[in-house]
Amino acid sequence: MNIITVFSYITLVIIFIQLLISMYTLIFILNYKKKIEDIEIKEYPRVSIIVPAYNEEDNISDTLERLSELNYPKDKLEIIVVDDGSKDNTYNIAKEFERKYNFIKVFRKENGGKASALNYGIKKSTGEYIVTLDADSYPKKDVLIEMIKYFYIDPDVSIVVPSIQTKDVDTIIRKYQYVDYAIYNFSRLVLDQLDSIYIVPGPFSIFKREVFEKIGYFDEKNITEDMEIALRARAHNLKIKYCPNAIVYTITPKTFKSLFKQRVRWYLGFIDNYLNYRNKIKNEFLSEVALGIAILLKIIIPVALVVAVYASIYNFYQHFMFLYVSNFDLYTIYVKSFMLSDFSKFIEDIRFTIIRQFYLFLFTFLMFSMFLLFILIYRRYEKDHKFSNVLLYIFIYLLFSLYLNGIFILSSLYYKIFGSELRWGGITWRNSLINRLRNIT
Amino acid sequence: MMDNRSIIKLAVILSVLSFSLGVMIGYSIYNHILNKVFEDTNQIDSLVTSAYLFSLSKNMTCEKEYEDFLRYLKEKIAIVGRKLTYLESPENVFYNKEGVEHIKSQYFNIQYLHFIMMNNYIKSCNVSNFTLILYFYNNDYCYEECNKQGGVLTTLYLRHYYDLYIYSFDSSYQNYFIQYYNEKYNITTWPYIILIKSDKEYLFKGFTDLETLEKYMTT
């Protein structure tokens, strides 16, 4: 069987998987009815917000300013900034806020990574509830009150996570991430219904203090400590809820290089944590459906990328060979062939192309419509951007998502197998297969 | 509100149904095109056959109209050729081998009839500016080389649109005249080109570049 034919069958399989995932999400959303539950809290609990910061002099002022404006009784609020050995002016800037507001405390420690800074802050804190907040993120004013309610509505809830949106959309990479984060928020909505949230993101997740007493602190050697602690909590049957109305803004990577670094870390962390916790989670929806789909996507995206790249190279090569054997006679190939085609032949060719590619057009139209529908529903929660701008972001996302995600996943797999050492912040990652083999031998 | 299991079941059912529907539509479209090409081929076949029979029954007419009619037939045949390329393209998961082979066989017959008419016209009317090319390929043995040769012939055809007629044949087909040529010219390597110009035949074994073919066309 010809390789092109094999790739055509693979494409059909990918189409079916994508159709299944989209269909599930669509039915879920159409069926989704938000439970309107409200509760009046008579006495607010004491909350500690831990802000780990490493070289965040550009963002820390803004974050602390926003935190000081939170709608929450200030006598019940404690903001702890942990400067993780920054080499810039982060500590001094934070200290100015400490002098200005009596509920802000600033500590400094040797660089040891985000998780170690979080643990340091948690140990210094006094709140019944602990909020983790990346220094490059800030919440809307009512977020804390909105999220705290979840613990009172359902006392079994141990962790509440917010909806994260991108702060800036100035570069193409950030416009792309706007849709990416919208999809993450969407998937959290679905995962929440399945009681299967498996990441407690850095920006403004709230923990009951007893969570750390029960399952321990953040894993300081883990490159995605937010996923690790969520899976650990799941392994201990702790309940995680998603609060879609709580909007937290985060500064996303501005360039491809920084996005690449972030996503490789995320995917490597996913692989490590999945391998570690796959047999420890009792929730079958999480272990089989949610994580199953996440793995499936991490398989089909690179396969789809390989198919797309092969098809592009194959077509380019065929066309290049045609030009080459024609001595690059561009006039004859493009101009003369157009002149020789009369209008009816031109129309006939277009008609034939549309008919023969009909099912691809139909599928593209179907997927695009579904995507648009998702975004329209998502806009119930996000109205900061004009719809025309959102359409542009969708276009950018659809254009690049396969290639970017494919590159990130394939690179992560490469590092997982052959990588010797990678560094993020204060953490060094050496958990590749080649290193394991070296250690065994 | 439906529970999660019901949503998953419904999603699987709807996905299978819509995917099957998509596959069926794709299959129907392919067969629709196959039937359309089959009809087109039949239509051109009867046109070419009647023109051929007419040319046998009368003395050859050397009028401009007849030459235009032959060119018109050439363009019609070329359209069928382009559609056949799609029907047998490797990315097509609905490939109907029997149907395509039947049309291809008929397509080669039509081309050959057209070639005979052109050849008779050139000889009877003493036309010297026309070049005829019989191009033999065999995808089982020369996929890349034959693809390249196809590119050369396409460019040649566009450059000399009004005085070049190219007829391409798959040597692996059992049509009588194809086998006849295979034996007569001992065609065992592909691409194989027979260029006919001013009553002379020039043979080219293997890939032949644009300049070489053009040189023989203009001598």
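The values are calculated or read from the model by the stated rules, or taken from the named source; none is laboratory data. All of these numbers come straight from a predicted model, not from anything done at the bench. Virtual Cβ from ideal backbone geometry, glycine too; neighbours counted across all protein chains shown.
Before moving on, here are some points about what is shown:
- Taken together, the criteria place A:Tyr317 among residues that are within 14 Å of another protein chain (Cβ to nearest Cβ) and either under 29 Å from A:Leu398 (Cβ atoms) or exposed (fewer than 14 other Cβ atoms within 10 Å of the Cβ) (or both).
- Scanning region A:5-15 for residues that are within 30 Å of A:Pro155 (Cβ to Cβ), at pLDDT below 90 and within 14 Å of chain B (Cβ to nearest Cβ) turns up nothing.
- Matching entry among B:Thr41, B:Thr85, B:Thr49 (being in a helix (DSSP H, G or I), over 30 Å from A:Ile17 (Cβ atoms), within 14 Å of chain A (Cβ to nearest Cβ) and not charged (D, E, K, R)): B:Thr85
- B:Asp163 within 14 Å of chain A (Cβ to nearest Cβ) and out of contact with any helix residue (DSSP H, G or I) (no Cβ under 6 Å at 6 or more places or on another chain): yes
- Only one entry of B:Ile103, B:Ile33 meets the criterion of being within 14 Å of another protein chain (Cβ to nearest Cβ), surrounded by 14 or more Cβ atoms within 10 Å (Cβ to Cβ) and not hydroxyl-bearing (Ser, Thr, Tyr), and that entry is B:Ile33.
- Taken across region B:61-71, residues that are within 14 Å of chain A (Cβ to nearest Cβ), surrounded by fewer than 19 Cβ atoms within 10 Å (Cβ to Cβ) and within 17 Å of the chain's Cα centre (by Cα) do occur, with at least one present.
Each row is one residue, and each column tells you yes or no for (1) among the acidic types (Asp, Glu); (2) over 28 Å from the mean Cα position of the chain (by Cα); (3) more than 30 Å from B:Ser20 (Cβ to Cβ).
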{"position": "A:Ile27", "(1), (2), (3)": "no, no, no"}
{"position": "A:Asn31", "(1), (2), (3)": "no, no, no"}
{"position": "A:Glu43", "(1), (2), (3)": "yes, yes, yes"}
{"position": "A:Asn59", "(1), (2), (3)": "no, no, yes"}
{"position": "A:Leu64", "(1), (2), (3)": "no, no, yes"}
{"position": "A:Pro73", "(1), (2), (3)": "no, yes, yes"}
{"position": "A:Lys76", "(1), (2), (3)": "no, yes, yes"}
{"position": "A:Ile80", "(1), (2), (3)": "no, no, yes"}
{"position": "A:Ser86", "(1), (2), (3)": "no, no, yes"}
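- Any hit, region A:301-313, residues being at pLDDT 90 or above, surrounded by fewer than 19 Cβ atoms within 10 Å (Cβ to Cβ) and closer than 30 Å to B:Leu210 by Cα: yes
- Filter result (under 18 Å from A:Phe107 (Cα atoms) and not acidic (Asp, Glu)) within region A:68-89: A:Ser68, A:Leu77, A:Ile79, A:Ile80, A:Val81, A:Val82, A:Gly85, A:Ser86, A:Lys87, A:Asn89
- Of all residues making up region B:187-205, the number that are out of contact with any strand residue (DSSP E or B) (no Cβ under 8 Å at 6 or more places or on another chain) and either within 28 Å of B:Tyr72 (Cα to Cα) or modelled with pLDDT of 95 or more (or both): 3
- Matching residues, region A:194-230, being in contact with a Ser or Thr (Cβ under 6 Å, 6 or more places away or on another chain) and either aliphatic (A, V, I, L, M) or part of a helix (DSSP H, G or I) (or both): A:Val211
- Within region B:116-152, being among the charged types (D, E, K, R) and assigned to a helix (DSSP H, G or I) holds for B:Lys123, B:Glu144, B:Glu145, B:Lys148.
- Some residue of region A:197-212 being among the polar types (S, T, N, Q), touching a Pro at 6+ places or on another chain (Cβ under 8 Å) and modelled with pLDDT under 90: no
- Considering region A:91-138, the residues that are assigned to a helix (DSSP H, G or I) and among the polar types (S, T, N, Q) include one that is surrounded by the fewest Cβ atoms within 10 Å (Cβ to Cβ), namely A:Asn92.
- Top-ranked residue in region B:1-19 [being within 7 Å of chain A (Cβ to nearest Cβ) and closer than 16 Å to A:Glu288 by Cα; ranked as modelled with the lowest pLDDT]: B:Asn4
- So B:Ile103, is it in a strand (DSSP E or B) and in contact (Cβ under 8 Å) with a residue 60 or more places away in the chain: no
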